[in-house]
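Just below is one structure, and these are the notes that go with it.
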Amino acid sequence: MRMRKKKNLDTRLEACSDVMITDPAACKGQWRALFGNENPLHVEIGCGKGRFIVETARRNPDINYVAIERENGALIMATEKAMQLGLPNLKFISFDATYLTDIFADAEVNRIYLNFSDPWPPNNRRKRRLTHANYLRLYDQVLAKYGQVFFKTDNQGLFEFSLEEICGYGWLIQNISLDLHNSGMDNIMTEYEERFSNEGFRIYRLETCRRGENRLTRAHTPERTAEEIGKGAPYGNID
């Protein structure tokens with residue numbers, strides 16, 4: 001369901017200019033300089049209304065965070081939350097993750113968060129899933145040595161698909177939870193997560209990391225343009 005257009009959206013976004021990056025390509029390779037420190041850089045792709053990333057940044061002032069969201073109706077809610085708290089370690093981008101390598105240099109990012117990404121059913125739209133192998137190639141390029149991806153979803157089919165894609169790509173999978181909210185693991189919820197959990201859905205979570213410098217993007221597969229993202233093997237089905 002498409003979010004209703006927010007009133008005075010452009011004016012409200014302009015008022016949040018302190019946390020918004022309008023030319024992210026100019027920051028490529030320079031994100032730590034932008035933050036004014038050498039702290040680790042974590043990125044959330046699809047931050048929605050910002051509950052997760054704002055609270056995560058608040059709890060971890062020694063980590064730099066960049067939140068990506070292409071829906072400006074959600075983005076304004078996230079940026080306004082960040083402005084209220086005055087978080088110097090959090091920036092936002094209105095951007096499409098398909099072009100991730102245009103805004104982050106090789107090995108510049110330490111961790112990527114994927115929270116409740118669109119499952120894109122049916123299976124013939126698998127190329128749009130953010131855990132598809134061709135997106136993993138993008139992450140592989142921008143992640144540092146042993147860089148991580150943390151993934152959460154309420155969709156069992158998407159979780160199984162993601163496990164298969166990640167295993168096929170050769171990354172290490174660890175800290176799997178098939179019922180996160182009953183696992184005892186530390187967790188910061190997103191807006192979707194709270195809603196789905198209240199409706200009785202189990203929450204699935206995993207962590208995965210690159211295996212050192214073995215960048216499969218370069219060693220085993222040809223470089224692909226953004227337009228070619230997603231033309232991989234047809235793993236998995238989404239219920």
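The values are calculated or read from the model by the stated rules, or taken from the named source; none is laboratory data. Every value quoted in this text rests on a predicted model; they were computed, and no experiment measured them. Ideal geometry is used to build each Cβ from the backbone, glycine not excepted, and the neighbour counts take in all protein chains shown. Each accessible area value is taken on the protein alone, full model and side chains, heavy atoms only, with ligands, DNA and RNA left out. Shrake-Rupley method; radii C 1.70, N 1.55, O 1.52, S 1.80 Å.
Note down all Cβ pairs under 6 Å where the first residue falls in region 102-115 and is on the phi < 0 side of the Ramachandran plot, the second is basic (Lys, Arg) and open to solvent by 10 Å² or more (accessible area, probe 1.4 Å), and they're at least six residues apart or on different chains.
Hits for this filter: Ile103/Lys28; Ala105/Lys28.
Please specify each residue of region 135-160 satisfying the condition of being over 12 Å from Tyr204 (Cα atoms) and either of a type in the set (A, V, I, L, M, F, W, C) or in a loop (DSSP other than H, G, I, E, B) (or both).
Correct list: Leu136, Leu138, Val142, Leu143, Ala144, Val149.
Which residues, counting only those in region 22-61, are of a type in the set (A, V, I, L, M) and touching a Leu at 6+ places or on another chain (Cβ under 8 Å)? Full working, then the answer.
Applying the first criterion (of a type in the set (A, V, I, L, M)) to region 22-61 yields 25-26, 33-34, 41, 43, 45, 53-54, 57.
Ile45, Ile53, Val54, Ala57, listed by residue number.
Kindly indicate whether any position in region 161-171 is buried (at least 16 other Cβ atoms within 10 Å of the Cβ), under 20 Å from Gly50 (Cα atoms) and in contact with a Gly (Cβ under 9 Å, 6 or more places away or on another chain).
No, region 161-171 has no match at all.
For Arg70, work out the one condition from (1) modelled with pLDDT of 95 or more; (2) outside any helix (DSSP H, G or I); (3) surrounded by fewer than 16 Cβ atoms within 10 Å (Cβ to Cβ) it doesn't fulfil.
Failing condition for Arg70: (1).
Within region 96-118, how many residues are open to solvent by 30 Å² or more (accessible area, probe 1.4 Å) and part of a loop (DSSP other than H, G, I, E, B)?
The total comes to 4.
Quick one: Ile76 ticks every box in (1) of a type outside the set (Ser, Thr, Tyr); (2) farther than 24 Å from Leu136 by Cα; (3) loosely packed, with under 15 Cβ neighbours inside 10 Å; (4) touching a helix residue (DSSP H, G or I) at 6+ places or on another chain (Cβ under 8 Å) except a single one, so which number is it?
(3)
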